[in-house]
Amino acid sequence: MNKAANNLVFENVSIIDIAEEGKGVGKADDFVLFVEKAVPGDIVDVQVYRKKKNFGEARIIDLKKPSEYRTEAFCQHFGTCGGCKWQHMTYAAQLQFKQKTVAGALGHLAKIDVSGMLPIVPSPTDKYYRNKLEYTFSNKRWLYDGENRTDEALDMDALGFHIPGRFDKILDVQHCYLQADPSNDIRNSIREFAKQQGISFYDLKGHAGALRNLIIRTSSTGELMVIVVFAYPTEEQVNSLMEFVDRSFPQITSLLYILNEKKNDTIFDQDVIAWRGPEYIHEEMPSGGKNIRFRIGPKSFYQTNSIQALKLYEITRNFAGFKGDELVYDLYTGAGTIANFIAGQVKEVVGVEYVPTAIEDAKINSGINNITNTKFYAGDMKDVLNADFVAEHGKPDVIITDPPRAGMHPDVVNRLMEIEAEKIVYVSCNPATQARDLLVLKEKYDVAKIQPVDMFPHTQHVENVVLLVLRG
């Protein structure tokens, strides 16, 4: 901590915006302040604890006038946990600032007229909306003020989330508002059983210990998946814990475990062992007068807000305005959710995705729904989507693209410019990288519609759907 910064105080600072990290943004002359737990509209006295040349990070020492947008945070872990950083701001205000984020990115970065942008689609619920959560076991939990790490009686085991910026510190979560019951009960019961049985929690620095991660997946069909990830357990420890979970939670339909001795937490290259039930659950979405079923395995990608995922896909389909005879390319198709969702309204869908296991999921999802007009291919998008690929499968009438946060590779953007599909529907989880790509695409395409969607209440994240129509 900068000693000089520690004594730097600014009075009557007006908070004018909110940053991605959940910090309020204010100014003292030309000096920018990022203030913890501040809300736009607040007037505050702040103390700087970290100073850079043109900005400082600060905390509130006196709230002179609270903003009309300010509300009481509902979670006991707010301010320490890395999630839900906007929960001290009313939901209506969150939507307002997310709309502003999209407008700012597309207007300033892509020089697009955003005056006709549609109002953001709110989430019908702002709590317990996630269908997947992943927790980490640690033998070195985050300590609160007043706790002394030299106290030998202090319980240091934790099961929860990483502290922002600290890979080795885990916040021991008691109640999380992101996933509906029985998620909290499962996590807390497993933690207490492991402590009672003396099953060691993972050492994130020393790479030792028995218990490593816990993943819980739910679905609108009522199915429930629990995955326990072990590191270095004994056979007896695995059996005793899995028997406890099986006995305590009979509503679990897919109970799995993984042995992961790698230095990282990824499970995509690990074997999954079924303790009880199949290695998957199902999700459903209504489309074209029937329910489309999606098989979700432990490694499958699926939108984590099921209700909003349906709205997102409906917007995508409606923007495309299908007549029934279109050839559609679905880029970054993942497990083929969008491809299978729209398949009943088009002639054919060709999906491309980098992850081979996701493509296998996409094919399975077509199969279980008796969908025969989809084709899926795995590979790096910039390599797969070439002239030969288009010559083989035909020029698409519509391209749907839903890339990761980094946006599309420049080579992919250039290929879209060459293909000249009549319409492009661009679904993005990062308006800034979307704007970067649109800056190129608008040389040939007009932006016809813009629709933000709130998938993740109480966070800065926002999805955005843009319809591009080929000029001329």
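If only residues of the stretch 96-120 that are more than 14 Å from residue 20 (Cα to Cα) and in contact with a Pro (Cβ under 7 Å, 6 or more places away or on another chain) are counted, the one that is most open to solvent (accessible area, probe 1.4 Å) is 120.
Could you list, in sequence order, the residues of the stretch 286-323 that are open to solvent by less than 60 Å² (accessible area, probe 1.4 Å) and within 16 Å of residue 217 (Cβ to Cβ)? If the condition is that a residue be open to solvent by less than 60 Å² (accessible area, probe 1.4 Å) and within 16 Å of residue 217 (Cβ to Cβ), then 294, 296, 297, 298, 299, 300, 302, 303, 304, 305, 306, 309 are the ones that fit. On inspection, residue 149 qualifies as of a type outside the set (Phe, Trp, Tyr) and farther than 17 Å from residue 187 by Cα. Looking across the stretch 267-279, the residues that are open to solvent by 70 Å² or more (accessible area, probe 1.4 Å) and over 16 Å from residue 223 (Cβ atoms) come down to 268, 269, 271.
Name the single residue, out of those in the stretch 147-166 being touching a residue at least 24 places away in the same chain (Cβ under 8 Å) and farther than 20 Å from residue 459 by Cβ, that is most open to solvent (accessible area, probe 1.4 Å).
If we filter the stretch 147-166 for residues that are touching a residue at least 24 places away in the same chain (Cβ under 8 Å), which is where we start, we get 155, 157-164, 166.
Narrowing further to those that are farther than 20 Å from residue 459 by Cβ: 155, 157-159.
Values: 155: 71, 157: 40, 158: 0, 159: 0 Å².
The residue in question is 155.
Against the numbered list (1) over 30 Å from residue 440 (Cβ atoms); (2) open to solvent by 70 Å² or more (accessible area, probe 1.4 Å); (3) of a type in the set (Gly, Ala, Ser), residue 123 comes up short only at (2).
This table checks each residue for (1) hydroxyl-bearing (Ser, Thr, Tyr); (2) more than 28 Å from residue 253 (Cα to Cα); (3) out of contact with any Gly (no Cβ under 7 Å at 6 or more places or on another chain).
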{"position": "159", "(1), (2), (3)": "no, no, yes"}
{"position": "169", "(1), (2), (3)": "no, yes, yes"}
{"position": "179", "(1), (2), (3)": "no, no, yes"}
{"position": "183", "(1), (2), (3)": "yes, no, yes"}
{"position": "186", "(1), (2), (3)": "no, no, yes"}
{"position": "190", "(1), (2), (3)": "no, no, yes"}
{"position": "194", "(1), (2), (3)": "no, no, yes"}
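When the stretch 14-68 is filtered for residues that are farther than 21 Å from residue 164 by Cβ, open to solvent by less than 50 Å² (accessible area, probe 1.4 Å) and hydroxyl-bearing (Ser, Thr, Tyr), only 67 remains. Is it the case, given these coordinates, that residue 257 is touching a Lys or Arg at 6+ places or on another chain (Cβ under 8 Å), more than 20 Å from residue 401 (Cβ to Cβ), crowded, with 18+ Cβ neighbours inside 10 Å and of a type in the set (Phe, Trp, Tyr)? For residue 257, the condition - touching a Lys or Arg at 6+ places or on another chain (Cβ under 8 Å), more than 20 Å from residue 401 (Cβ to Cβ), crowded, with 18+ Cβ neighbours inside 10 Å and of a type in the set (Phe, Trp, Tyr) - is not met. Screening the stretch 162-268 for strands (runs of 3 or more DSSP E) wholly inside it with 1 or more residues that are modelled with pLDDT under 95 and either out of contact with any strand residue (DSSP E or B) (no Cβ under 6 Å at 6 or more places or on another chain) or not hydroxyl-bearing (Ser, Thr, Tyr) (or both) returns the ranges 166-172.
Contact map, the stretch 43-66: first residue without any contact (Cβ under 8 Å) to a residue 12 or more places away in the chain, second residue of a type in the set (Val, Ile, Thr) and open to solvent by less than 40 Å² (accessible area, probe 1.4 Å), Cβ cut-off under 6 Å, separation 6 or more or different chains; the map is empty. How many of the residues in the stretch 69-93 are surrounded by fewer than 17 Cβ atoms within 10 Å (Cβ to Cβ) and either touching a Leu at 6+ places or on another chain (Cβ under 9 Å) or within 27 Å of residue 7 (Cβ to Cβ) (or both)? The number of residues fulfilling the criteria is 3.
Would you check which residues across the stretch 366-383 are in a helix (DSSP H, G or I) and over 26 Å from the mean Cα position of the chain (by Cα) and list them? Spell out the reasoning first.
Here is the first cut: in the stretch 366-383, the residues in a helix (DSSP H, G or I) are 366-368, 381-383.
Of everything in the stretch 366-383, those that are in a helix (DSSP H, G or I) and over 26 Å from the mean Cα position of the chain (by Cα) turn out to be 367, 368, 383.
The values are calculated or read from the model by the stated rules, or taken from the named source; none is laboratory data. What you see is a predicted model, and the numbers here were worked out from it, not measured in a lab. For neighbour counting, all protein chains shown are included, and Cβ atoms are generated from backbone atoms with ideal geometry for every residue, glycine included. Accessible surface areas use protein heavy atoms only, side chains included; no ligands, DNA or RNA. Shrake-Rupley method; radii C 1.70, N 1.55, O 1.52, S 1.80 Å.
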